[in-house]
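One structure is given below, encoded as structure tokens.
Coordinate-derived values only; no laboratory data. Remember, it's a predicted structure, so these values are computed and weren't measured experimentally. All Cβ positions, glycine included, derive from the backbone under ideal geometry; neighbour counts span all protein chains shown.
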Amino acid sequence: MMKVTKALKYPSVVLALVCSTSVMAKTVNTVTSFSVLGDIVQEVGGEHVQVLSLIGPDSDPHVFSPTPKDSVTLNKADVVFISGLGLEGWIERLVKASGYKGQVITASNGIQTRSMIDDGKTIVDPHAWNSMANGIIYATNIMNALIAADPQDATYFKEHGQNYIAKLTKLDNWAKDTFNAIPKEKRRVLTSHDAFGYFGAEYGVEFLAPQGYSTESEASTQKVASLINQIKAKSVNTYFMEDQTDPRLVKQIGAATNAKEGGSLFPEALSTTDVANTYAKAFKHNVTIITDSMK
């Protein structure tokens, strides 16, 4: 009771403390390109960030087209985060249209990129986050960017970021141990489009896909026939859907090869349900159902 009485006697002291606390506590308004990146920013930034993702859960980043509403959203941001590597081909136009003057942080800076063939052209594979080793680089870049944007909360961001990086490192090691326990000749998977290049390179898994890097690309009859022969020759016995893609083509290939459906993967969008509503959960889910199909 004494403490309450003293506070009431000195309202100016209470007011000063409240003001001081409000000055110290800052929220960085961030905009991210898509849901996976948005979750990483939220995990690193904690209570000192507000995160808005232009492309939400269960949404395909390859078919996104910005709207005037997105320009308004970007204009109000303190920091904008993109994955880079060509995923967000629209970002320069959107920044220009929005009048946003802040920094656009490319979370993939520093990773070792992979090339891939798409419609006969060699391009940079944009799906870097699907390797957890790269996810750790994303989180580190995001942590450093938030510290630069809000130096007064640097200690908080560093502690929060390093705890999250430790969690991702544990997941990376678990994935390597899990795949290493499976004979290499069994580590083959059929998916709908080519989003797992970094994942496959990191964990020794061969992915076969009828579509290129974009879900918009069309698979030719010749490519599908070649893929069916490849699947039969390599004894691939399981195919996987991707949450936001049309399942008909991969089901057709599965039927032609007697492959069985293994479930849904989440390589490019988080889910609105608990199964994959964070980056860490989506990664763990993908590893688990892929390895279960190989055992």
Fill in the blank from the handout: One would report the antiparallel percent of DSSP beta bridges in region 23-174, rounded to the nearest 5, as 25 percent
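As a footprinting exposure proxy, order Lys101, Lys251 by other Cβ within 10 Å, with the fewest listed first.
Lys101, Lys251
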Problem - Spin-label model distance (nm) - Gln222 vs Thr113, 7 Å beyond Cα toward Cβ - result: 2.8 nm
Problem - Phi-based couplings in Hz for region 279-295 (Karplus 6.51, -1.76, 1.60; Gly and Pro marked x) - result: 4, 5, 5, 4, 4, 4, 4, 4, 4, 5, 6, 5, 5, 4, 6, 9, 7
Problem - Convex hull (Cα only) mean projected area of region 23-174, reported in nm² to one decimal - result: 9.8 nm²
